[in-house]
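Undergrad: Have a look at this one before I ask anything.
The values are calculated or read from the model by the stated rules, or taken from the named source; none is laboratory data. As the structure is a prediction and not an experimental result, all values here were calculated from the model. No Cβ is skipped: glycine too gets one built from the backbone with ideal geometry, and neighbour counts run over all protein chains shown.
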Amino acid sequence: SLPPKIYTREEVRKHKTVADGVWVTYGRNVFDITEFVELHPGGSRIMLAAGGSLEPFWAMYAVHNQEHVLEILNSYKVGEL
Ligand code: HEM
């Protein structure tokens, strides 16, 4: 498979609106979740993580600690840090 695209945290931080695209990180992986924002079962709270790390939020909302949630997230992967 092709090598992953590499992004900096600074580049991820620029993507925090639906207009500019909504990117998040989880571990070293980078995701473009723009299309998922309106599908999120937890509503607009998802935007709190826009442009940064999911970890602090997913630590608070353990509902994400399930295989099917990781599968959704992985379907939006665009690269790595
Ligand atoms: C629920 C995905 C980010 C807060 C859910 C569920 C999914 C999901 C699939 C339903 C889980 C289930 O009931 O089986 C995601 C993805 C995220 C994300 C893919 C990021 C890419 C966030 C963030 C927050 C958040 C950043 C909070 C700041 C919640 C809450 C629920 C929820 C509160 C429960 C909603 C309810 O059942 O009433 N999320 N989430 N999520 N999410 Fe997220």
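Undergrad: Could you give every pair whose Cβ atoms fall below 9 Å, whose first residue belongs to region 62-81 and is at negative phi, and whose second residue is among the hydroxyl-bearing types (Ser, Thr, Tyr) and exposed (fewer than 15 other Cβ atoms within 10 Å of the Cβ), counting only separations of at least 6 or pairs across chains?
TA: These pairs meet every condition: 81/8.
Undergrad: Kindly check whether there is at least one residue in region 36-48 that is in contact (Cβ under 8 Å) with a residue 40 or more places away in the chain and either closer than 18 Å to residue 75 by Cβ or among the small types (Gly, Ala, Ser) (or both).
TA: Step one: list which residues in region 36-48 are in contact (Cβ under 8 Å) with a residue 40 or more places away in the chain, which gives 36.
Restricting the remaining residues to those that are either closer than 18 Å to residue 75 by Cβ or among the small types (Gly, Ala, Ser) (or both) gives 36.
There is at least one residue in region 36-48 that is in contact (Cβ under 8 Å) with a residue 40 or more places away in the chain and either closer than 18 Å to residue 75 by Cβ or among the small types (Gly, Ala, Ser) (or both).
Undergrad: Tally time: how many residues in region 12-34 are more than 16 Å from residue 69 (Cβ to Cβ) and in contact (Cβ under 8 Å) with a residue 12 or more places away in the chain? Write out each step before concluding.
TA: Just the residues of region 12-34 that are more than 16 Å from residue 69 (Cβ to Cβ), to begin with: 12-23, 28, 30, 32, 34.
Those left that are additionally in contact (Cβ under 8 Å) with a residue 12 or more places away in the chain: 12-18, 21-23, 28, 30, 32, 34.
Final tally of qualifying residues: 14.
Undergrad: Here is a further query. I need the full set of residues from region 12-25 which are part of a strand (DSSP E or B) and over 10 Å from residue 76 (Cβ atoms), in order please.
TA: Hits for region 12-25 are 16, 17, 21, 25.
Condition check ((1) modelled with pLDDT of 95 or more; (2) within 10 Å of the ligand (Cβ to nearest atom); (3) loosely packed, with under 13 Cβ neighbours inside 10 Å) across all residues:
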| position | (1), (2), (3) |
| --- | --- |
| 6 | yes, no, yes |
| 16 | yes, no, no |
| 19 | yes, no, yes |
| 26 | yes, yes, no |
| 33 | yes, yes, no |
| 40 | yes, yes, no |
| 47 | yes, yes, no |
| 72 | yes, yes, no |
| 79 | yes, no, no |
